[in-house]
Amino acid sequence: MVTAVGAPTAYNGPEFANARSPIAQTFRSGDETFSIIANHLKSKGSACTTGNDTSVGGSGSCNADRVGQARALVAFAETVKEQSGDDDVLLTGDFNSYRYEDPIDVVTGAGYTDMGPLLAEGQYSYVFDGGSGSLDHVFASPSVREKLTGLAVWDINAVESFAYEYDANYEGLYAPYPYRASDHNPTVFGMTTEIPATASISDATPMRGDTVTVTGTAFDAGTTVTATLPSQNGLVLGTGVADANGTVTIQFTVPDLVHKGDYQVDLTAADGEKASTSFTLRPRGQDVADRAQERNNGGR
């Protein structure tokens, strides 16, 4: 189940005076919080705010407007990340720009990945004068990219006759089904929202008294995580709070345990999610000898 978090937010800056404002909505599903920003950049076929109606490299009218809108969009996405407390952002919709045009370079240059070539290679969203291509895209921020499980273009509009469109005025041909509901094909994507937490340790073979760091990933943003030694009656090593990406780091001093061997370290979140890692201690006598050698050498 997907639940909206808060109200939608629109960006109404001057860059979008001749286009539709981007609208952002944050969602929660399973272990994941993520935001989607729906877009519709300036079209290629009408007057431009900048006065630049000249085709640039075949990109059609208003390329400069779309570039400015793309820049404003990625800046707006940073605001959405801050407001949601999570870096998972998907930019979707009609960019009115094909894959190798300047506005797309702005978005990918800001660190977003165009998921179409990766998950829907060869699929297209638009047909113009008999030529097919994609004006509609899904761009993923680095933190959400690997969470997408699939993407497909639903081919219900672009190849259908204009005569079936709702505003075509061909009496008797329009019907309230999905086909030719628009001139663009919609994009459908899936993502996993149940990601197991993981744990790692900076030094798997420390000496007693060393300071090490245990790192956990894929915890819920903002949750408190506690590091414990289950073999030592749940000895608490430290606590930390998961950041916006679900990452938490906890430093602790390796306790002076008597026995050599493997010691499991559990990271447990307030909501019960858990991940484990471990470290190995050598015989205590070996640690003592190595410490003495360190002192003789002027430190480790």
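The values are calculated or read from the model by the stated rules, or taken from the named source; none is laboratory data. Treat the numbers as computed from the prediction; the structure is a model and nothing was measured. Every residue, glycine among them, receives a Cβ derived from its backbone with ideal geometry; neighbour counts consider all protein chains shown. What goes into the accessible areas is simple: the full protein's heavy atoms, side chains included, and nothing from ligands, DNA or RNA. Shrake-Rupley method; radii C 1.70, N 1.55, O 1.52, S 1.80 Å.
Of the conditions (1) of a type in the set (A, V, I, L, M, F, W, C); (2) closer than 22 Å to residue 95 by Cβ; (3) at pLDDT 85 or above, residue 242 fails just one. Which one is it?
Here residue 242 clears every test but (2).
Hey, does the range 274-281 have a residue that's out of contact with any Asp or Glu (no Cβ under 9 Å at 6 or more places or on another chain) and either open to solvent by less than 60 Å² (accessible area, probe 1.4 Å) or more than 28 Å from residue 220 (Cβ to Cβ) (or both)?
no
Given the condition over 30 Å from residue 244 (Cβ atoms), surrounded by fewer than 22 Cβ atoms within 10 Å (Cβ to Cβ), among the charged types (D, E, K, R) and out of contact with any strand residue (DSSP E or B) (no Cβ under 8 Å at 6 or more places or on another chain), answer yes or no: does some residue in the range 62-77 qualify?
no
What residue, of 116, 150, is closer than 12 Å to residue 187 by Cα, modelled with pLDDT of 90 or more and in contact with a His (Cβ under 7 Å, 6 or more places away or on another chain)?
116
Failed condition for residue 193, given (1) in a loop (DSSP other than H, G, I, E, B); (2) loosely packed, with under 15 Cβ neighbours inside 10 Å, with all others met?
All conditions are met except number (2).
So, in the range 14-33, of the ones that are at pLDDT 95 or above, open to solvent by less than 40 Å² (accessible area, probe 1.4 Å) and touching a Ser or Thr at 6+ places or on another chain (Cβ under 8 Å), which residue ends up nearest to residue 93 (Cα to Cα)?
That would be 24.
On the basis of being at negative phi, among the hydrophobic types (A, V, I, L, M, F, W, C) and at pLDDT 95 or above, does residue 248 make the cut?
Judged against the criteria, residue 248 is a match.
Looking at the range 201-226, which of the residues that are small (Gly, Ala, Ser) and within 22 Å of the chain's Cα centre (by Cα) is surrounded by the fewest Cβ atoms within 10 Å (Cβ to Cβ)?
222
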